[in-house]
Each structure stands twice: as C-alpha cells, then as structure tokens.
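Input: a single structure, listed below in structure tokens.
The values are calculated or read from the model by the stated rules, or taken from the named source; none is laboratory data. It should be emphasised that the depicted structure is a prediction, and the values quoted were computed from it without experimental measurement. Note: ideal-geometry Cβ built from the backbone for every residue, glycine included; neighbour counts use all protein chains shown. Areas reflect the complete protein model, heavy atoms only, side chains present, ligands, DNA and RNA absent. Shrake-Rupley method; radii C 1.70, N 1.55, O 1.52, S 1.80 Å.
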Amino acid sequence: AVVSTQSGHYGRGFVFQRKMLCLSLVLISLIAVANSVTFGPWQTIPGYLTRVSLGAKGIWGKNTPGNIYRLDGSTWTHMGTGWRDISSGGKYVWGTKNDWTIYKGDGNSWFNMPGGLKQISASDNGNVWAVNNGNNIFRYSGTGWQHIGGGLQQISSGLSGVWGCYAGNVHYRPYTYGDEATTGGNWVHVSASPPIAWVASGKDMVLGATAAQEVYYRAGVSLGTPTGTSWVRVAGIQLQQMDVYHNIVVGVDSNHNIKMSIMS
C-alpha cells in the first residue's frame, strides 16, 4: 500500500510538471509572437528627400539643398530653406539650420531657440534631445539646454525612450521609456552588432539602420525590458534613415527615395 501510495504521488507530480512545462512552452510561444513584427508592403511616396520625420505634427522632410517640406495629403508643401535637420514632435516641429541655429515652430511661425546643434529629436510629449557637431548630448529642459554626459552621433527621443548610436554602438537612456520627462540614468550599452548608424524610437518599437542600409527592429522592447532582446533584420527594404510613429514607418534610401510601411 505504501508503494502504491508513493507511486500515486509521483504520478500526480509528473502530470503537474508536464502541465507546467506545457504552460511554459505556450508562454514562450506567445512571447515570440508578441515580439514578432510584420511590415506591410513598402510604398513609395513621391519626391526625393535626405531626411524624413513623422510625428503628431505630420510628415516633414528635408532635401539635399536644405529645403524643408510638409506632406499635405499627397503634396509636399515647401516650408523653408537652409535647414540641416527636422523633427516632427507632439506640439512643435523642431529643426536645425546649416549654421547650427535651432528653431521650433507650429508650421506657420518659427521661433529661434538658444544654442547650436547638429541633429535634433522631438517626442510626442515634447521631450527634445539633440547632439551638436562635437557629438555632445543635450536635453531641452523647457528653459534651456542641459548637457548630458556621453557622446553620440545621432539620437532619438520617443515612446520607447531615448536611444542613440555612436560608431555602430547603440545606447539607451534608462528610465526614459514611455516618453518620460527625465534626464534618466547613465547610458546603457545595448549592442555593437549589427553596426547601427541610425536609430528611431517609437511605441514599443525601436528601428535601426546600418551604413549599408540594412534595416532592423529591436525585438522585445517593453516596460519590463526597455532595451529589448535582439535585433531582427527587416527583409525587402534598404533605408539609411527612418522614423516611426505608432505603427507607421517612413524612411529614405541612399537614392533619396521616400518609403513608407504600416506595421502589424
């Protein structure tokens, strides 16, 4: 009877372990599905640009001579000359000019801001981060530019937090996930391979492009794992620069063609 009872206990334990194993496998499968992203067909938007930005203020872009445009329906409206960079944010469009001067505007009026910058990124919540010609990092505090330690060649402020890259290495600013208005913690090194030259932060989505125009997305980005788990190659597209807003991606390739895809 004792042997029979022990065998019964082992039997129930074995069944329980099998159920837990099956549950674990199901959870792993669900996580894998959640981390997978499907990019819709890449459409070509008429025109030629070297830089494009997508946000609550619409789609903006810049061409080689430094002219900036806003996409109104299917027409690009000319909005100014002499620009180096442009970023479509939540309340304002921010940009830098060829002489490094900084401007923000609503599409009708432009306001000169203090400082001099090379590249700038404005988020939905108005968190503006930027880098200057010396790869120094700055954050707009609401009254002025706050210097942030470290060095980056390019930076992106968005719903997945603040990300940046330098010499192919990708870095994340802790505690900025969710587009929080904070300086965050010390930079966390995310990856050195693939060698990302441009990064874009969106809603639970971080995109990267290499100098060879290979496009990747960062799998597993979430509140619990803000740096994600791995880079996944996006097939069928080459881009040298891109932006992401919710489930829409816009970007440009080395021939200045403008591409757009809707993710699901």
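Tabulated results
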| item | result |
| --- | --- |
| Among 58, 47, 208, residue whose mean-square fluctuation peaks in a GNM of the chain (springs only between Cα atoms under 10 Å) | 47 |
| Positive dipole terminus of the range 64-176, leading residue within 93, 138, 126 (C-beta point charges) | 138 |
| HN-Hα J in Hz across the range 123-135 - Karplus 6.51, -1.76, 1.60, θ = phi - 60°, x for Gly and Pro | 9, 4, 8, x, 7, 10, 10, 7, 10, 9, 5, x, 6 |
| Carbon + sulfur, % of accessible area of the chain - ligands and nucleic acids excluded, 1.4 Å | 55 |
| Label-point separation, residue 193 to residue 255 (7 Å along Cα→Cβ), nm | 3.1 |
| Per-residue HN-Hα couplings for the range 225-234 [Karplus 6.51, -1.76, 1.60; θ = phi - 60°; Hz; x = Gly/Pro] | 10, x, 8, x, 10, 6, 8, 10, 5, 9 |
| Distant-in-sequence amide H partners of residue 89 (H built 1.01 Å from N, under 5 Å) | 57, 94 |
| Along principal axes, Cα extents of the chain, largest first, whole Å | 91, 39, 31 |
| Folded to 0 to 90 degrees: helix 2-35 orientation relative to the chain principal axis, Cα | 10 |
| Rotationally averaged projected area of the range 133-264 (alpha carbon convex hull; nm²) | 8.1 |
| Accessible area of the chain divided out per residue, in Å², using a probe of 1.4 angstrom | 48 |
| J(HN,Hα) series, the range 205-218, from Karplus relation 6.51 cos²θ - 1.76 cosθ + 1.60, nearest Hz, glycine and proline x | 8, 10, 10, x, 10, 8, 5, 8, 6, 6, 9, 9, 10, 8 |
| Extension gain from residue 112 to residue 262, taking 0.36 nm per residue of separation minus the Cα-Cα distance | 50.6 nm |
| Size descriptor, Kirkwood hydrodynamic radius, that averages inverse alpha-carbon separations across the range 43-97, Å | 11.1 |
